[in-house]
Amino acid sequence: MTTTTTPSSPRSDDGAGRAAIAARTLRTDRWWFPPAIQATGLIAWVAYAVARTFMQADYWVEQYHYLTPFYSPCVSTGCIPDASHFGAFLPDWWFLPYAALSLPFLLLFRLTCYYYRKAYYRAFWLSPPACAVAEPHSKYTGETRFPLLGQNLHRYFFYAAVIISLINTYDAVLAFRTADGEFGLGLGNVIIVTNVVLLWLYTASCHSCRSIIGGKLNHFSQHPVRYKLWGWVSKLNGHHMLLAWITLGTLAITDFYIWGLASDWYSDPRLFN
Ligand code: FES
């Protein structure tokens with residue numbers, strides 16, 4: 001790889017004092033691999049989630065009270081009455097998801113997440129595609145203009161995500177009661193509870209959560225409880241990327257498992273009732 005002082009076309013990395021490098025990057029490793037994997041994973045997940053959301057079927061297992069998170073809370077008049085834990089009041093239109101009250105906020109929570117921003121800026125917008133790889137755009141304005149300015153709303157979507165996690169927790173608790181009104185425990189409960197626990201961990205590991213808990217304090221010594229919480233959240237925060245991907249997986253697995261049960265593809269292995 002050679003460097004040259006020959007003037008090249010203007011690029012965003014042509015800052016004053018930097019060497020003009022003809023090559024797009026001097027990196028020799030497979031720097032394109034992570035963004036390629038991320039793009040593939042995100043496209044696959046979004047395709048699955050959109051397809052399932054608009055199926056408007058096979059989201060509830062009456063026998064065990066299992067409700068998929070993609071339909072929670074089920075608030076459309078088209079919902080199966082027992083699956084509507086918080087009432088049904090939205091019109092039953094094919095283009096309106098049964099969980100139209102929560103899905104937009106969950107989508108915006110993930111879309112504005114600090115980690116996902118990094119992932120999709122790199123994977124789709126190539127801005128930049130990787131460290132030390134020049135981006136193809138001629139201008140860089142960061143997140144200072146519309147629509148990216150809206151990324152600053154992330155902390156408000158965090159509050160919405162906490163409420164939705166509480167709703168998912170409520171669904172998980174209700175799933176321990178069978179249609180006969182007895183306590184029940186099956187593989188579905190394990191999958192649903194695992195998903196809810198991981199969703200809480202992902203939500204708690206949010207950068208905004210860390211800032212809300214430990215921010216704007218001059219002296220941690222005067223706020224020992226917040227300091228303790230901040231310490232825990234900071235540890236979780238170090239695993240935020242991992243939790244972001246794991247929860248995409250557990251959401252899809254939980255939904256798929258319930259879809260299969262509701263479609264009678266298999267039965268739920270039961271420990272009790
Ligand atoms: Fe990822 Fe808040 S930073 S959810």
Problem set entry | Per-q log10 I(q)/I(0), the range 40-104, q = 0.13, 0.16, 0.20, 0.24 Å⁻¹ (Debye; single scatterer per alpha-carbon; no solvent) | -0.33, -0.49, -0.73, -0.99
Exercise. Using modelled backbone amide H atoms (1.01 Å from N, in-plane), which distant-in-sequence or interchain residues come within less than 5 Å of Cys74's amide H?
Worked result: His85, Phe86
Exercise. So how strong a dipole does the chain carry about its Cα centre when Lys and Arg Cβ are +1 and Asp and Glu Cβ are -1, to the nearest 20 debye?
Worked result: 1580 debye
Seminar exercise, completed: Sorted on mean Cβ neighbours within 10 Å (highest first), peptides 263-270, 64-71, 231-238, 156-163 come out as 64-71, 156-163, 231-238, 263-270
Exercise. In the chain, carbon and sulfur make up what percent of the accessible area (probe 1.4 Å)?
Worked result: 67 percent
For this session: List the equivalent ellipsoid semi-axes of the range 119-178 in whole Å, largest first, each obtained as the square root of 5λ for an eigenvalue λ of the Cα gyration tensor.
Result: 39, 16, 7
Exercise. How many percent of all Cα-Cα pairs in the range 102-144 sit more than 12 Å apart?
Worked result: 64 percent
Exercise. From the backbone phi of the range 155-161, what are the Karplus-calculated ³J(HN,Hα) couplings (6.51 cos²θ - 1.76 cosθ + 1.60, θ = phi - 60°) in whole Hz, Gly and Pro given as x?
Worked result: 5, 6, 5, 4, 4, 4, 5
Problem set entry | Rounded to 10°, Cα long-axis angle of helix 224-237 versus longest principal axis of the chain | 80 degrees
Problem set entry | Across the chain: Cys residues that no other cysteine approaches within a C-beta distance under 4.7 Å | Cys113, Cys131
Exercise. Does the range 155-273 come out rounded, prolate or oblate, given a ≥ b ≥ c as the square roots of the eigenvalues of its C-alpha gyration tensor, rounded meaning a/c under 1.5 and, failing that, prolate meaning a/b above b/c?
Worked result: prolate
Problem set entry | Whole-number accessible area per residue in Å² for the chain, which is evaluated in the context of all protein chains at 1.4 Å | 57 Å²
Problem set entry | Surrounding net charge for Gly249, when Lys and Arg each add one and Asp and Glu each subtract one, Cβ distance under 15 Å | +1
For this session: Determine by what factor the alpha-carbon radius of gyration of the range 9-135 differs from 2.2 N^0.38 Å, reporting the quotient.
Result: 1.57
For this session: Treating each Cα of the range 52-191 as an identical point scatterer and ignoring solvent, apply the Debye formula and state log10 I(q)/I(0) at q = 0.13 Å⁻¹.
Result: -0.71
Seminar exercise, completed: For the range 182-198, in residue order, the Karplus 3J(HN,Hα) values (coefficients 6.51, -1.76, 1.60; θ = phi - 60°; whole Hz; Gly and Pro = x) are 9, 5, x, 8, x, 4, x, 4, 4, 5, 5, 5, 4, 4, 5, 4, 5
Exercise. So what's the projected area for the chain, the Cα convex hull averaged over all directions, in nm²?
Worked result: 19.9 nm²
Seminar exercise, completed: XL table Lys139/Lys235; Lys139/Lys228; Lys118/Lys228; Cα-Cα > 31 Å flagged, in table order, is Lys139/Lys235; Lys139/Lys228
Exercise. So what are the range 162-211's ellipsoid semi-axes, whole angstrom, largest first, if each one is the square root of 5 times an eigenvalue of the alpha-carbon gyration tensor?
Worked result: 27, 11, 5
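The values are calculated or read from the model by the stated rules, or taken from the named source; none is laboratory data. Computed from a predicted structure; not experimentally measured. With ideal geometry, Cβ positions are generated from the backbone for all residues, glycine too; neighbour counts draw on all protein chains shown. For the accessible areas, the whole protein counts, side chains as well, though only heavy atoms, and no ligand, DNA or RNA atoms are used. Shrake-Rupley method; radii C 1.70, N 1.55, O 1.52, S 1.80 Å.
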